[in-house]
1. Within segment 130-143, can one find any residue that is touching a residue at least 40 places away in the same chain (Cβ under 8 Å), in contact with an Asp or Glu (Cβ under 7 Å, 6 or more places away or on another chain) and either among the acidic types (Asp, Glu) or in a loop (DSSP other than H, G, I, E, B) (or both)?
2. Return the total of residues in segment 33-59 being touching an Asp or Glu at 6+ places or on another chain (Cβ under 7 Å) and touching a residue at least 24 places away in the same chain (Cβ under 8 Å).
3. Given the criterion in contact (Cβ under 8 Å) with a residue 40 or more places away in the chain, within 19 Å of residue 385 (Cβ to Cβ) and buried (at least 20 other Cβ atoms within 10 Å of the Cβ), identify the matching residue among 291, 269.
4. Out of segment 108-125, which residues are more than 17 Å from residue 188 (Cα to Cα), surrounded by fewer than 21 Cβ atoms within 10 Å (Cβ to Cβ) and either among the aliphatic types (A, V, I, L, M) or in the same structural domain as residue 280 (by TED's automatic domain parsing) (or both)?
5. So which residues in segment 243-300 are more than 17 Å from the chain's Cα centre (by Cα) and assigned to a loop (DSSP other than H, G, I, E, B), if there are any at all?
6. Report yes if residue 358 is in a loop (DSSP other than H, G, I, E, B), of a type in the set (Gly, Ala, Ser), more than 19 Å from the chain's Cα centre (by Cα) and under 19 Å from residue 43 (Cα atoms), otherwise no.
7. Give me the residue from segment 30-59 that is surrounded by 24 or more Cβ atoms within 10 Å (Cβ to Cβ) and part of a helix (DSSP H, G or I) and, out of that set, farthest from the chain's Cα centre (by Cα).
8. Suppose we filter segment 84-99 for residues that are within 13 Å of residue 289 (Cβ to Cβ) and either of a type outside the set (Ser, Thr, Tyr) or surrounded by fewer than 17 Cβ atoms within 10 Å (Cβ to Cβ) (or both); how many remain?
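The values are calculated or read from the model by the stated rules, or taken from the named source; none is laboratory data. Keep in mind the model is a prediction, meaning the values are calculated, not measured. Backbone-built Cβ (ideal geometry, glycine too); neighbour counts: all protein chains shown.
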Amino acid sequence: MVLILPVKILIANRGEIAVRIARSIRELGFIPLGIYSDEDKDSLHRSYMDEDYKVSSYLSIDDIIEAAENLGADAIHPGYGFLSENPLFAKRVVDKGFIFIGPRPEVMVLAGDKVEAKKKASEAEVPTLPWIIAGKPEDIVEFAREHGYPVMIKAAGGGGGMGIRIVRNDDEVYSLYEQARKEAENAFNDPRLYVEPYIERAKHIEVQILGDGENIIHLYERDCSVQRRHQKIVEEAPAPTLTSERRRKILNDAVKLMKYIKYSNAGTVEMIYDMKRRKHYFMEINARLQVEHGITEMITGIDIVKQQILIALNNSLDLRQEDIVMHGHSIEVRINAENPITLMPSPGIISEYREPSGPGIRVDSGVSRGQLVSVEYTPLISKLIVWGINRAEAIRRLERALNEYLITGIQTNIPLLKAIIKHPIFRKGYYTTSFINNNWEDLVSDIRRREMLHTALLLAIVHRGDDKVKSKIISSSKYTMYSNGLTDTRMSAIKRKAWVYWITLRRRVSRHGRK
């Protein structure tokens with residue numbers, strides 16, 4: 001394909017990742033093109049495109065190819081999610097004469113099949129946990145008799161936390177096997193399952209890779225162990241508790257595997273790190289851009305999206321391992337539209353939206369004030385990313401940023417994120433993939449305490465404060481949510497405490513203003 005500059009690149013995605021990719025495309029001097037669905041006709045990402053095209057679905061290969069043809073695209077970037085790891089889509093893109101910004105279709109086939117990827121890791125002499133294909137529940141029982149409970153059932157074609165179940169005894173096997181099988185079939189059209197030991201004290205470590213099939217380098221690792229329902233919500237780079245020697249071994253094994261399969265473009269090698277035995281094991285390959293790529297960009301200064309594009313256009317990676325230098329510490333939290341306690345989605349219209357800012361703060365967002373957050377798509381609103389010269393500074397900066405973040409009209413998980421980064425286990429860095437489950441009551445009680453304080457302030461302002469703000473506060477969702485259902489006695493107690501708190505706060509503000 002002969003390219004005529006500037007290159008036109010269609011972003012086959014939506015929301016914050018479409019905005020993020022468009023920015024890098026523009027910085028390269030190229031032209032971003034977009035797609036949108038009916039529900040996204042007013043979406044923020046549309047304003048970042050030179051042109052866009054309506055599609056019936058972000059999963060419609062035919063519609064996306066039609067959009068690329070009508071808009072005159074030269075290349076297609078899939079982002080993450082949707083069709084980003086679909087080898088049929090990648091092949092169709094290439095067959096139609098477009099450049100696919102991602103790995104080769106045959107590599108995507110390998111990476112998407114967790115069983116085949118494990119076989120390749122063994123061939124490359126990268127350590128893996130023992131595992132077997134679970135064709136029936138009895139296979140799991142037999143495996144557990146040899147290796148012991150708990151064990152983990154996983155979807156062979158899975159990802160995103162889908163098709164995963166933890167089995168702790170024989171009684172759970174049959175029901176959990178059937179749940180995992182149905183979920184895998186519905187989500188991936190692939191009912192195959194495999195089973196491996198479940199490591200109770202494990203960290204989820206992933207290594208960022210860039211390559212062109214021959215030249216393969218790493219951009220260090222990320223710790224993605226803070227998860228709820230097997231989905232990440234807090235990530236940091238570098239991993240806070242790895243020794244230099246263990247880091248070196250993990251990075252070397254990741255590069256070795258990707259060299260073995262001649263990987264091209266950006267991808268990650270996922271590892272399980274057993275904190276008790278201090279050993280790491282290969283888990284899977286993600287053949288795409290990861291949600292959490294931003295923290296790696298912050299500690300290396302490498303724009304991963306730009307590198308993806310340049311590798312795809314030039315068929316080569318110009319960077320060498322010696323070019324990659326790690327500096328400082330970065331943490332990302334995923335801001336989701338969900339109830340922070342039940343974790344249920346919270347769709348609706350965003351009535352107010354103000355992002356934090358200042359030194360070392362980056363917000364990758366796909367929303368704006370007045371925008372609808374739909375239940376049709378992932379509840380991810382934005383990614384709040386901070387950088388500090390060390391981990392302690394990064395955590396303090398993250399606390400400030402979360403306190404500055406204002407989103408109203410819908411619920412978000414910001415209270416949960418505040419509770420997580422305040423928890424002593426997180427502060428020490430020794431959290432595992434079980435951290436949220438094991439400390440849920442502590443986290444929830446902290447959320448409730450913070451929300452009750454906020455409610456007390458609202459009540460104090462309403463009942464004792466400025467008349468000009470009363471009507472606005474009374475109509476707010478938080479006031480209604482926490483004042484409804486309170487008994488008169490409880491309400492009176494809150495008012496008394498809130499009034500004392502409010503008077504104290506007002507005096508402090510007044511003294512500060514006179515200085």
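1. yes
2. The qualifying residues number 4.
3. Result: 291 is the single residue among 291, 269 that is in contact (Cβ under 8 Å) with a residue 40 or more places away in the chain, within 19 Å of residue 385 (Cβ to Cβ) and buried (at least 20 other Cβ atoms within 10 Å of the Cβ).
4. Within segment 108-125, 124 is the sole residue that qualifies.
5. Scanning segment 243-300 gives 243, 261, 262, 263, 275, 276, 277, 278.
6. It is false that residue 358 is in a loop (DSSP other than H, G, I, E, B), of a type in the set (Gly, Ala, Ser), more than 19 Å from the chain's Cα centre (by Cα) and under 19 Å from residue 43 (Cα atoms).
7. Selected residue: 40.
8. Residues meeting the conditions: 1.
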